[in-house]
Structures are given as structure tokens and as C-alpha cells.
Amino acid sequence: MSCFTQILLHHDLLYPVREWLESIEIHNRKLAHFLCKAIPAQCPFERDITLFGRKLVHIPPMCKLNPLYEQVVTLRFKALCYLADECGEDVAVYC
């Protein structure tokens, strides 16, 4: 690890949370179902505001502003993979 990388990691206050989220392994069917239901597949904030059939404003997805977005999406993906690969379930209901 370079000195610059160590400095960046030292100043990243969310680094321990990121590491913890990335280290979670899914070995429980109930937990996997809970994560798939709790973490949305698409950003729920993205919208088109229309008035009289005309699009006035497009609100872009705000989820990527979340500093833990990548880790949360990865956790959902791990849960989906566990259900599909280990449990043999159809995960189409979560997509």
C-alpha cells in the first residue's frame, strides 16, 4: 500500500463500516430474504415530475450520493447469490 493510500484510508471515517459491510457473509436464508426485501434494486428517489402529460423535471438517482452505496448494493448481491446458488430459489421476485 502506498503512503498516499494509507493517508486516504486514515482520513476516511467510514472505512471501518465499509470493511465490516464487505466482510459480511450470507449463510442464513432468513437474513438473505430480509436483505433482498430491505435493499431496493433501484434507487427509489429517481422520478419524473409531470404536469398535464409533459415532463417538467427529472430528479436523478440520489443513492449514489450515499458513501456506503457500493457496499450496500454488494451486500444485496451476495444475498441474491446465496438464495440462487445455495438455496436454489428463484430470485426473480427481487429483481
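The residues in segment 20-47 that are farther than 19 Å from Ala92 by Cβ and either touching a Gly at 6+ places or on another chain (Cβ under 9 Å) or modelled with pLDDT under 90 (or both) can be counted, and the count is 5. Being under 12 Å from Cys36 (Cα atoms) and of a type in the set (Ser, Thr, Tyr) is the filter; apply it to segment 62-95 and report the residue that is most open to solvent (accessible area, probe 1.4 Å). Of everything passing the filter in segment 62-95, Thr74 is most open to solvent (accessible area, probe 1.4 Å). Give me a count of the residues in segment 17-61 that are under 18 Å from the mean Cα position of the chain (by Cα), of a type outside the set (D, E, K, R) and surrounded by 10 or more Cβ atoms within 10 Å (Cβ to Cβ). Adding up the residues that qualify gives 20. Would you point out which residue out of Lys55, Lys64, Lys30, Lys37 is touching an Asp or Glu at 6+ places or on another chain (Cβ under 7 Å) and either among the basic types (Lys, Arg) or farther than 20 Å from Cys87 by Cα (or both)? Only one candidate qualifies: Lys55.
The values are calculated or read from the model by the stated rules, or taken from the named source; none is laboratory data. As the structure is a prediction and not an experimental result, all values here were calculated from the model. Don't worry about glycine lacking a Cβ; one is built from the backbone with ideal geometry, like all the others, and counts go over all protein chains shown. SASA here: full protein model, heavy atoms, side chains in, ligands and nucleic acids out. Shrake-Rupley method; radii C 1.70, N 1.55, O 1.52, S 1.80 Å.
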